[in-house]
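Just so you know, all these numbers are worked out from the coordinates, no wet-lab data involved. Keep in mind the model is a prediction, meaning the values are calculated, not measured. Cβ: placed from backbone, ideal geometry, glycine included. Neighbour counts: every protein chain shown.
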Amino acid sequence: MVAGFLEPLLADGVARQGSQSGWLAQVRTRALEQLIRDGLPGPRNEAWKYTSLRAIGQRRYARSDPAAATRPIDANLLDLPGVEGPRLVFVNGGFRADLSIIADVPGMELRSLSDVLEAEPDSLREFLSRSFDNAEDAFARLNTVLASDGVVIRVAAGARIVPPVHLVIAGAVAEKELAWQLRCIFDIGEGAALRLVEHHVGENGHGHFGNVLSQLALRANARLDLLQVQNGAETASLTRRTEALLDAGAHLEMRSIEVGAQWMRHDLAVRLNGDRSRFVSRGVFALRGRQHADTRLDIRHSARDTACDIVWRGVADQRARGVFHGAITVESGADGSDAQLSNKNLLLSDQAEIDTQPVLEIHADEVKAAHGATVGQLDEGALFYLRSRGIGPAQARSLLTLAFCRVAFDSIENGILREYLDTLMLERLPQAADGDSQTKSSQ
């Protein structure tokens, strides 16, 4: 599938940025050659079995937005209630200094990727030299070839950054449909701590394709609390890959809310590389209409006494389709690992579909592990209980569904932010007419 989607994007070769280092040019050229050789993965690729790229592969997007630096966008989209602190804003893949709030926070370096590539590209070699040798990672290859902007956050050893950093990735209506790329690098020093909010928004009416590749490095005993709120435009497509490498004693806690975009894919790859490192994930996707969401987790225990605790929820209404793949691998020598994964899903209509696949591979001794997945409907007994107390059918369904979804964010201490997420989720649930008709038809 080189024609169509890839052809106009690769026509001008790799992205160039200032005095590009020879090693970076080689990495990008290699990724370009792999893309030309393999194209986009087809339905025979197991990793893309439930998510077709046929429609996207036939579309032709512009490579970049020449007006991204001045493109108008509704400023209200950029705000997130309860989140105040440094903010970096990207619109259609370009950094917007005029919309960003970059404060001088001791112990933290906050810069755009384009700035670092221009001034000191070799400082990013550890991250940007990453190669993707599997055909299923086509969009990571594309990001490697074309990404010339993004964010670089470095936290010094021992620094405890209090205000959360707000990263806003926005899509704005443009003259052409775009396929933009962002590369995000987060390097949390030994014993350091950071809170980060990754916020995806967009103006309805654009059909852009966003491709975000994030790399997280947590040094020994570092901690990162990451909240991902994906509320992109309902007409947009978005693919994200989040990679995390945890050294000894590091702790990564992620909360993910996926409600926006017409078509979305999120690959989350975490390697517990140091003894006693820990990963906690809470997530939910809530889909309606003809939305399609594919979440794919690949968690690898590579050291002793590591732990992962993963709980995800999925909700699909109308003709939406959700896909969840949760794979945990305990490698040889990773004795004492504790791996837990739970995925539960709700279907709110007869035409909705959710495919879930938990995978557990254990190659070590003295391991504690469990995984499970379910797909079902709302509990009729609980619905009857609420209705018997004067609550209407649509409201009862919404309350039960919201309670089901809140596992993704009910532990957030920020009350204002938690209330906003409640409201956001309620907006995604069936409205009164829909709920009444569905409830009556099920009785």
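Based on DSSP H segments of at least four residues, each scored -39500 (n - 2.57), the chain has a per-residue ellipticity at 222 nm of -6000 deg cm²/dmol. Projected label points at Ser332 and Ser411, each 7 Å from Cα along the beta carbon direction, are separated by 3.4 nanometres. Of all DSSP-defined beta bridges confined to the chain, some 5% are antiparallel rather than parallel. Measuring between their Cα centroids, the range 251-293 and the range 5-84 lie 20 Å from each other. Spatially, the range 98-124 and the range 163-222 are offset by 14 Å when compared through their Cα centroids.
Over the C-alpha trace of the chain, radius of gyration and Dmax come out as 21.6, 71 angstrom.
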